[in-house]
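J.: Structure in structure tokens, see below.
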Amino acid sequence: MKTNFTGKAVSAVMLILVLLCLSCTEHQPEKVNKPKNTIDVKRASKLSSRFVKELDNLMQGVKMRQDTAKGFIPVHQPAFEYTSHTYYSLDELEHYFAWAKQEAKAKGYTLEGFRFYFGVYPETEESGEKQNVMTLFISPAGKKARKQESAFVSMPLMYNDVPDKIMDIDPYNYGGAGDPPKASY
């Protein structure tokens with residue numbers, strides 16, 4: 001009788017251990033495919049740099065000249081077609097955010113948020129109908145995950161809390177539909 005009780009107790013403990021092991025395994029989410037509207041970091045840098053350069057040129061040209069018939073007119077006009085906003089569907093954003101989270105984790109980053117950059121497409125054939133058109137693209141931001149050694153408490157420094165660009169993950173672009181919208185909010 002003692003052997004029968006011991007056998008049942010061992011079986012029960014083994015069953016509990018198996019159930020615990022099965023419940024402890026993390027559910028692996030489905031792999032998220034790279035969204036089609038990503039751009040490489042080099043292209044994103046060119047778009048952003050052109051916007052900053054053009055904006056700087058425009059701001060330096062803010063000096064007005066007086067035209068008696070038309071009043072005050074800016075000396076410089078933008079060298080690109082400006083836009084007041086862009087549009088991304090909820091599905092697009094959710095897909096990109098899920099993919100960026102997956103990529104950040106796989107590449108050892110802590111994804112903390114996203115940066116939104118303005119850019120201007122270059123005047124090249126590869127830009128197609130978007131030549132000299134303003135754009136807005138999204139880039140992940142976070143920090144490289146580090147193992148903390150020889151410390152009891154993790155204490156981030158205040159000046160170091162701003163997340164960095166994650167250059168290992170392609171930004172998302174090509175929002176909107178059609179011509180750059182000029183309507184205000």
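J.: Can you tell me which residues in the stretch 128-158 are modelled with pLDDT of 75 or more and not in a strand (DSSP E or B)? Lay out the reasoning, then the answer.
T.: Initial filter on the stretch 128-158 (modelled with pLDDT of 75 or more): 128-145.
Matches in the stretch 128-158: Gly128, Glu129, Lys130, Gln131, Asn132, Ala145.
J.: Still on this structure, I have one more. I'd like to know if the stretch 159-179 contains one or more residues that are modelled with pLDDT under 60, farther than 29 Å from Glu126 by Cα, of a type in the set (A, V, I, L, M) and open to solvent by 50 Å² or more (accessible area, probe 1.4 Å).
T.: no
J.: Here's something else I'd like to know. Report every pair of residues separated by at least 6 positions or lying on different chains whose Cβ atoms are under 6 Å apart, first residue within the stretch 36-54 and of a type in the set (Phe, Trp, Tyr), second open to solvent by less than 60 Å² (accessible area, probe 1.4 Å) and not in a helix (DSSP H, G or I).
T.: Partner pairs satisfying both residue conditions: Phe51/Gly119; Phe51/Val120.
J.: If you go through the stretch 101-108 one residue at a time, do you hit one that is at pLDDT 90 or above and part of a loop (DSSP other than H, G, I, E, B)? Before you say what the answer is, go through the steps one by one.
T.: Applying the first criterion (at pLDDT 90 or above) to the stretch 101-108 yields 101-108.
Going one step further and asking which of them are part of a loop (DSSP other than H, G, I, E, B), we end up with 107-108.
Yes, that holds for at least one residue.
The values are calculated or read from the model by the stated rules, or taken from the named source; none is laboratory data. Remember, predicted model here, so these are calculated numbers, not experimental data. Note that we place each Cβ from the backbone using ideal geometry, even for glycine, and neighbour counts take in every protein chain shown. The protein model used for the area step is the full one, side chains on, heavy atoms only, and it has no ligands, DNA or RNA in it. Shrake-Rupley method; radii C 1.70, N 1.55, O 1.52, S 1.80 Å.
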